[in-house]
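A.B. asks: Quick one: this structure, given as structure tokens, is what I'll be asking you about.
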Amino acid sequence: MRIPKHVSKYLLDNKTKPNSELVVDLYEKFGLSVSAQAISKHLCYKGAKVSKRSETFSEVPDEIKDDYPNHYIVFRKGVWVIRAKRGYINSYTCILLSKALLEKRYGITISPRVMVIHINCDASDMSDDNIVAVPHSVYNRATKRDDIDFHTSSDERKRLVLALAWSEHLNYLSKQSLESNRDDVRSKTTRQIQSDATLYNISRRPLRIG
């Protein structure tokens, strides 16, 4: 059954209601007999709901809506990701929401060797003071320290440890560049330092101490 546009609009406007209630609404308001499964499929197609119980749908934040006009965000495996609505190219490709927000806010491209973390471990907190992009090597330095449990420590402690890890990481790259006898190694290391320094400068605000 093809759902009329005015009925589809009603479903989208009331997408937070249980499908069982929407079944009754459609029959009483429009005289249509539509199953809960059909409603779920229609809303899923429109990007308003997903069928998996473990996922929670929401709309793309306004600040990146123009960049993702045919997408929705969904909470999967502990993080928010952006997905294309059904019927669009790469509809099953997931883009980390925090990564997309940082790229938009600072006009950068975050490479696969860089991860985005939430300082307070709240995956729904996308504030500038909470999300930060760090190379995997920096994160590994921070989390492998013997004097801290990175996941349970206070936010201030995590900021301090990350700042120290950044310092160690950049010092290591600088030393590697100075000590290498190969031009290609020095050139590659210099490019990495420049790239990582940009990330570090962006990270200085959320990593400020006190």
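The values are calculated or read from the model by the stated rules, or taken from the named source; none is laboratory data. All values reported here derive from a predicted model rather than from experimental measurement. Quick reminder, even Gly has a Cβ in these numbers, built from the backbone with ideal geometry, and neighbours come from all protein chains shown. All accessible areas refer to the heavy atoms of the entire protein, side chains included, with ligands and DNA or RNA removed. Shrake-Rupley method; radii C 1.70, N 1.55, O 1.52, S 1.80 Å.
A.B. asks: If you average the C-alpha positions of the range 59-74 and of the range 110-142 separately, how far apart do those two centres end up, in angstrom?
C.D. replies: 21
A.B. asks: Still on this structure: The chain: Rg/Rh from Cα coordinates, Kirkwood Rh?
C.D. replies: 1.13
A.B. asks: Turning to a different aspect of this structure: Give the accessible surface of the chain per residue, rounded to a whole number of Å², with probe radius 1.4 Å and ligands, DNA and RNA excluded.
C.D. replies: Here the residues of the chain average 60 Å² of exposed surface.
A.B. asks: In addition: If I take R0 = 30 Å and measure r between the Cβ atoms of LEU164 and LYS104 in this structure, what FRET efficiency does the formula 1/(1 + (r/R0)^6) give, to the nearest 0.05?
C.D. replies: After rounding, the FRET efficiency stands at 0.55.
A.B. asks: Tell me which residues come under 5 Å, amide H to amide H, from HIS71 once H is placed; ignore anything under 5 positions away on its chain.
C.D. replies: LYS85
A.B. asks: Spin-label point model (7 Å from Cα, Cβ direction): what's the ASP13 to GLU28 distance in nm?
C.D. replies: Going by the 7 Å Cα→Cβ label model, 1.6 nm.
A.B. asks: Amide H neighbours of MET115 under 5 Å, counting only residues 5+ apart in sequence or on other chains, H built in-plane at 1.01 Å?
C.D. replies: Excluding prolines and chain starts, which carry no amide H, the hits are VAL134, HIS136.
A.B. asks: Among the lysines in the range 73-210, how many pairs, 8 or more places apart or on different chains, have alpha carbons under 26 Å apart?
C.D. replies: Qualifying lysine pairs in the range 73-210: 15.
A.B. asks: Another question about this same structure. Can you send over the carbon and sulfur percentage of the accessible area for the chain, probe radius 1.4 Å, protein chains only?
C.D. replies: That fraction is 49 percent.
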